Structure formats: C-alpha cells, structure tokens
Amino acid sequence: MRGQDSLRIVGGAVHDPANGVDGQVRDVCIEDGHIVEQLPQGVPTLDARGMVVMPGGVDIHSHFASSSCNHARRLIPDEHTSDPVPAPDLLDGEVPARSGTGGTVPSTFATGYRYAGLGYTTAFDAAVAPITARHSHAELDDTPCLDGGIFVLMGNDEYLLRQIEAGERDRARDYAAWLLQSTGGYAVKIVNPGGIEAWKAGQRNVTGLDDAIGGRKVTPRAILETLADAASALRLPHPVHIHANNLGVAGNASTTLASMEALAGRRAHFTHLQFHCYGGGQGKPWSSAASQVISYVNAHPEVSTDVGQVMFGPAMTITADAPVEYLLHKSSGRRWTNIDIELETGCGIVPLNYKDKAAVSALQWAIGLELFLLSQDPWRVVLSTDHPNGGSFLSYPALIQLLMDRSVRDDRLKAVNPKLLAGSALADGLAREYSLNEIAIVTRAGPARLLGLARKGHLGPGADADVTIYSRDADLAKMFATPRYVLKQGTLIVEEGQLRRAPRGRRLRVAPGYDQAVLPDLRRHFEAFSSVSFANYPVQDLPGDPVPIGSAR
C-alpha cells in the first residue's frame, strides 16, 4: 500500500492513553501528516480489524548518534561481520536503500531501519558532549525514519564549574542556554555531577553530594541545584536529565535518594534508575534497594525516571562516566576506550555481556523489573534499556513480554543466579502484569509527555501521524517485534514486517533565550583554553525550527 495524503485506519482497537482511549474500536483519521478529527467518505482506508493500534514509539534515552558510538563500533568488529544488514526492499522511487551492519551498536541507517521495524518513530541520544554536537547532528542526518535530538552534557565543564564557584548562578543559566542553542540540543544532561572532572584531576571519585571537587569550592549538590534551576527558569520542555553519582556501585541507592531529596520540589528526571538502586557496600553484599527508591518516586510527582533495564546478552557500555568504565574494564578484563573530551566531559566504552548465571547481572535484571512492577504511576517510570548499556533497543519486545506476562517472568526468574536475590521483591512473587494501555504509556505517551512533545505519543487531533499497528499474538515478544504496519507522518514505512520507505527524520531542538552579556567572558575563556575558536564552536545550519518554549524572563 502506497502513502496517501488522506487515510482512514479502520476497525482497530486503539490504545491512546493520553486521550483516555483504552482499546476501543475506532477509526484513526490522517490528513497531511497529522491526526484529524474526521475525514469525508471515500478516502483510502487501511483495514486494522482485529489489530492493536498505538502511537509511534518514543525512546526517551538511547545512545545511537554520538561520536562515542563510532568508537564503540570499532570495538566489536566481530558483531558486524556476524550481523550484516542488507539493503531493504524499498518501493520504487524512494531514496536508495543502504546496507549496513547490526550488532549491539548498529550503523546509523541500520539503527533507523530497526527502530522503525519495532514501531518506534522518535528517539533521543541522551549524552552528547557540546564540542561533538556537530558530529551528532551528522549522525542524526544519516539515521532515517526517526525524529530525534540530543541531550547536551553539562556538569563537568570548566566554565560552568567556575561560575558555580564564583556564585554566578545567573551566568551559569545563561551559559546553559547558550550551549543548548549553539549545539542544537534539546535538554540539559548531567552525568556523575563533578565526578568526571574530579577523576580527570586525579581524585578517584566523589561519593557524597557535599564532597569538594578537585580542591575547588564546588560540590555535586551545587551542580545539581544550579542546572535544575536553570532548566526550570529557561522553561525547557524536558527537566534536567540526571545520571547520578556512584553509578553501578554497591550501596549507591543512598546517593540516589540524597540526589532526589536535594532537588525536592523541582522537576527532575533520573535516568537509567536501575543502575542507581543497589544496596550493600562497605563489606556488605550487593542487594536490591529498588523498593526504597521507587517508594520515593511514587510519593514525589515532580520526579520522573526511565528504568534502564538490563537484558541478558551482549551490551556495550557507553557513558561520560569514565570512572565507572575504568572499574568495568579492570573487573571484566574487556578491551576498552577512554576519552578526555576537552574541558567539557569524558567518555568510557567497554563491551559487556550480562549473563543470567552471574549473580550481579541477575540482581540488576531483577531490580529493573522491580522498579517497573512497584511503580504506581507509569507516566513517570518509562521504558528504556539505556541502549546499548543495559541491552539493545531490539530487546524491547522481550522486555514488554516480561512486564505483561507473569508466567514468562517467573520462568525466567527460575533460571537466573539466586545468590543476591534474597529480599528481592521480584523473588517474593510480584504478580502485577502490565496491560496494553500501560505499555502504550511507558513506550509512547509517557516519554512524550516527559519530553514536552505535544504532537508525539498520542492519536488526538493535531498529533503527528506516527502510528504503529500490531497483529495480536499470544507470543507478546513476537507481537511487539513485528508490527504489521508502521506509519511515519501518515506515510506507510513498514508493511507486513517489511521496511518500504526510509524517510528522513526531523530534528527536535530548543533555542532558549539568554543574556548576551555572557558572551564576552565566554569568548575570553575559549581564547584561553579551547582548541576550537569561539566563532566556530556553534553548529551551523541546524535543520528544522526549534521546539517552542516559554521565555526565561
């Protein structure tokens, strides 16, 4: 079936939780790439009788369009040779298809093809160093089928730390706004606030929120408060996106809770929460602290999170949190890459394999599921594997099956190493099963709302006509892995499981206002310390118009 300017999807069971639609059979009307209330009789139709209709998927946190992904691909040449991606059979007259490579970190166009093949139409790369933003936009340009953007790393950059140390929080806010506008970014991302800068200066890490960083009068608490307040004052559509200190360290749940409490009353999104919910430490064995952390999230509506579920199998850890990557390298013996990125951040990359017979991997797997199953508000606890850190985005269908089918979950639990699962809520028998509507929330409506994307994640009038249609199947993993149809802005791009078109995606970015009085001081800083001139630093010719935001003042 070819694309149409107008199209009526008929007879499907629609799951559109943003508009209160929970499986009712109704038509979905599309005109000129958007959802409309109704259409005249006689327009082309797509028969979805007996099928499930949802908005296109929205991935709030992934790593697929950064320079670090290119380094990661170089570490796994064996995966690429074992998983070639043939050029898809696109319709005549379409943009020529390209072959590529798959694996844990697929090539750019293979990433777009495979996201579309799962019914995802929007995704964000969640950690881009400002100086590498130009590269990320080039990668996004090369990733078809997805609307997307980047979150810009802050919190370990020299200029920001100097402003915080000097008490210049207004200037820090203007600097954050300038960075977002100059890089074409969408949100402020903090990774291990202060910890990367401290590690680069020879300090092993910062463990507490009030630890001084590298001998200066700056603490993780001050960084969190400054950037959270900046995101709020700038009225960014998505709150500050936080990778907390002490990722992956036994006992780090106390740091996570302290970070949440430090920002009490402020909107804040804590990402890949699974990696920050470990009990134990100080000679005590690892354990799950998921129930304590999710209890706080449940009680505080200003807090949101994505889970960062670990899925058994190959993964690639890619993060600006270079200290934790050094630990992974030393403990696993795997090859690794470490990068010092100017005065802005760092990066570490280590291939990893999560094994169900490994006690720590089994605990991580269980903690992620505990967070999902103990969450009282799926709108604020949304789906991610921190691709490719906890597992590939291609494992989303298997994760959805674990959430929806307790019998599958229990069978899997019996096969994992039980050594560290004492006291785990999952081991105690969590009976909850997600409904189709809850899956639509955690994979579509919830991420779109948290990102402030008014035209994504729903099927109401005015929404982008991104639609995924699934054939019902008792095997839920198979059902969500092979949608029957996927439409991007009203154009059919996947049909009967085959990619038929690969349209270019749109860029999602913001351009907040700022006081230009910050610029002379910034220019002096660049002249003194940067290898890139101030004039050449901003990304030129960014595609698309910025997402509208409120005025900061």
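The values are calculated or read from the model by the stated rules, or taken from the named source; none is laboratory data. Computed from a prediction, not measured in an experiment: that's the story for all the values here. For neighbour counting, all protein chains shown are included, and Cβ atoms are generated from backbone atoms with ideal geometry for every residue, glycine included. The accessibility values were calculated without ligands, DNA or RNA, using every heavy atom of the protein model including side chains. Shrake-Rupley method; radii C 1.70, N 1.55, O 1.52, S 1.80 Å.
Could you check the simple spin-label distance between V532 and D89, using points 7 Å along Cα→Cβ, in nm with one decimal?
Between V532 and D89, the simple spin-label model gives 4.4 nm.
Over the Cα atoms, compute the radius of gyration (one decimal) and Dmax (the largest Cα-Cα distance, rounded to a whole number) for the chain, in Å.
Gyration radius and largest Cα-Cα distance of the chain: 22.6, 72 Å.
Under a Cβ-Cβ cut-off of 10 Å, what is the net charge of the residues other than D306 that fall near it, where Lys and Arg count +1 and Asp and Glu count -1?
Details: positive: R380; negative: D59, D386.
My count for the surroundings of D306 gives -1.
Would you mind working out the magnitude of the charge dipole of the stretch 458-512 relative to its Cα centre, with +1 at each Lys and Arg C-beta and -1 at each Asp and Glu C-beta, to the nearest 20 Debye?
On the way: 10 positive and 6 negative charges, 72 e Å.
Using only the charged Cβ atoms, the result is roughly 340 debye.
Could you state the number of Å between the C-alpha centres of the stretch 352-366 and the stretch 231-258?
A separation of 24 Å, based on Cα centres.
About its Cα centre, what dipole magnitude does the stretch 1-105 give when the only charges are +1 on Lys and Arg Cβ and -1 on Asp and Glu Cβ, stated in debye to the nearest 20?
Numbers: 7 positive and 15 negative charges, 41 e Å.
Dipole size: approximately 200 debye.
Between Q540 and K478, what is the FRET efficiency for a Förster distance of 51 Å, r being their Cβ-Cβ separation, to the nearest 0.05?
On the way: r = 45 Å, r/R0 = 0.89.
Efficiency for this residue pair is about 0.65.
Please give the FRET efficiency for S471 paired with S295, using the beta carbon to beta carbon distance and R0 = 35 Å, rounded to the nearest 0.05. Provide the component values of the computation, followed by the final result.
Values: r = 38 Å, r/R0 = 1.10.
E(calc), rounded to 0.05, equals 0.35.
Once you've got the Cα coordinates, tell me which of K189/K478; K189/K355; K419/K478; K217/K330; K200/K330; K355/K414 are over 25 Å apart. Before the final figure, lay out each step's value.
Values: K189/K478 34 Å; K189/K355 30 Å; K419/K478 31 Å; K217/K330 31 Å; K200/K330 17 Å; K355/K414 14 Å.
Beyond 25 Å between Cα atoms: K189/K478; K189/K355; K419/K478; K217/K330.
Got a sec? Which residues in the stretch 65-80 would a label at S99 touch, if it sits 7 Å along Cα→Cβ and we count backbone N under 15 Å?
What the label zone holds, given the 15 Å backbone N cut-off, is 80.
Please state, to two decimals, what the Cα-based radius of gyration of the stretch 450-526 comes to when divided by 2.2 N^0.38 Å (N = residues). Please report the intermediate quantities before stating the final value.
Values: Rg = 20.4 Å, N = 77, 2.2 N^0.38 = 11.5 Å.
Expressed relative to 2.2 N^0.38 Å, the Cα Rg reads 1.78.
Give me the Kirkwood hydrodynamic radius of the stretch 163-245, using the inverse of the mean 1/r over all pairs of distinct Cα atoms, in Å to one decimal.
Working: mean 1/r = 0.0762 Å⁻¹.
The answer is 13.1 Å.
Taking 7 Å along the Cα-to-C-beta vector as the label spot, tell me the S232-D142 distance in nanometres, rounded to one decimal.
4.1
Can you give me the accessible area per residue for the chain, using a 1.4 Å probe, in Å²? Before the final figure, lay out the partial values.
Values: 19800 Å² over 553 residues.
Here the residues of the chain average 36 Å² of exposed surface.
At a temperature of 4 °C and a viscosity of 1.567 mPa s, determine how fast the stretch 120-198 diffuses translationally according to Stokes-Einstein, using the Kirkwood radius over alpha-carbon pairs as Rh; express D in µm²/s, rounded to the nearest whole number. Provide the component values of the computation, followed by the final result.
Values: Rh = 13.4 Å.
Approximately 97 µm²/s, per Stokes-Einstein.
For the stretch 208-284, report the % of Cα-Cα distances exceeding 15 Å.
Working: 1678 of 2926 pairs.
Roughly 57 percent, rounded to a whole number.
Are there trypsin sites (Lys or Arg not before Pro) in the stretch 43-106 that DSSP puts in a loop and that have at most 14 other Cβ atoms within 10 Å, and which ones? Spell out each step's value before the answer.
On the way: sites: R49, R73, R74, R98; in loops: R49, R98.
Loop-located and lightly packed - R49.
What percent antiparallel are the DSSP beta bridges of the chain, to the nearest 5?
Given both bridge residues lie in the chain, the antiparallel proportion sits at roughly 60 percent.
Using the alpha-carbon centroid of each, what span in Å lies between the stretch 17-61 and the stretch 377-398?
24
Compute and list, largest first, the equivalent-ellipsoid semi-axes of the stretch 21-111 from the alpha carbon gyration tensor, each √(5λ) rounded to a whole angstrom.
Working: eigenvalues 276, 62, 34 Å².
Semi-axes from the Cα gyration tensor: 37, 18, 13 Å.
Would you work out the charge dipole size for the stretch 294-371 about its Cα centre, treating the Cβ of every Lys and Arg as +1 and the Cβ of every Asp and Glu as -1, and quote it to the nearest 20 debye?
Values: 5 positive and 9 negative charges, 116 e Å.
I would put it at about 560 debye.
Loop-only trypsin sites (Lys or Arg not before Pro) in the stretch 343-405, please: DSSP not H, G, I, E or B, and at most 16 other Cβ atoms within 10 Å.
Working: sites: K355, K357, R380; in loops: K355, K357, R380.
Listed in order of number, the matching sites are K355, K357.
I'm checking a number: the convex hull volume of the Cα atoms of the stretch 302-372, normalised per residue, in Å³. What is it?
Working: hull volume 7.3 nm³, N = 71.
Each residue corresponds to 103 Å³ of Cα convex hull volume.
At 37 °C and 0.692 mPa s, grab the translational diffusion coefficient of the stretch 27-171 from Stokes-Einstein with a Kirkwood Rh over Cα pairs, rounded to a whole number in µm² per second.
Details: Rh = 18.4 Å.
This corresponds to a translational diffusion coefficient of 178 µm²/s.
Can you list the residues of the stretch 84-128 with backbone N under 13 Å from a point 7 Å past the Cα of Q498, pointing along Cα to Cβ?
88-92
Using Cα-only point scatterers and the Debye equation, what is log10 of I(q)/I(0) for the stretch 67-130 at each q in 0.15 Å⁻¹, rounded to two decimals?
The calculated log intensity ratios at q = 0.15 Å⁻¹ are -0.54.
Counting other Cβ atoms within 10 Å of each Cβ, which trypsin sites (Lys or Arg not before Pro) in the stretch 465-508 have at most 15 and sit in a DSSP loop? Before the final figure, lay out the partial values.
Values: sites: R472, K478, R484, K488, R500, R501, R504, R506, R507; in loops: R472, R484, R500, R501, R504, R506.
Counting only loop positions with at most 15 other Cβ atoms within 10 Å, the trypsin sites (Lys or Arg not before Pro) in the stretch 465-508 are R472.
Please express the Cα-Cα pair-distance distribution P(r) of the stretch 342-499 as a list of whole percents, one per 10 Å bin, running from 0 to the bin with the greatest distance.
9, 32, 34, 19, 6, 0
S530: net charge of surrounding residues, Cβ under 13 Å, Lys/Arg +1, Asp/Glu -1, itself excluded?
Values: positive: R523, R524; negative: D157, E158, E342, E344, E527.
Overall, the nearby charge balance is -3.
Quote the convex hull volume per residue of the stretch 1-56, based on C-alpha atoms, as a whole number of Å³. Show your work: numbers first, answer last.
Working: hull volume 5.0 nm³, N = 56.
Normalising the Cα hull of the stretch 1-56 by residue number yields 90 Å³.
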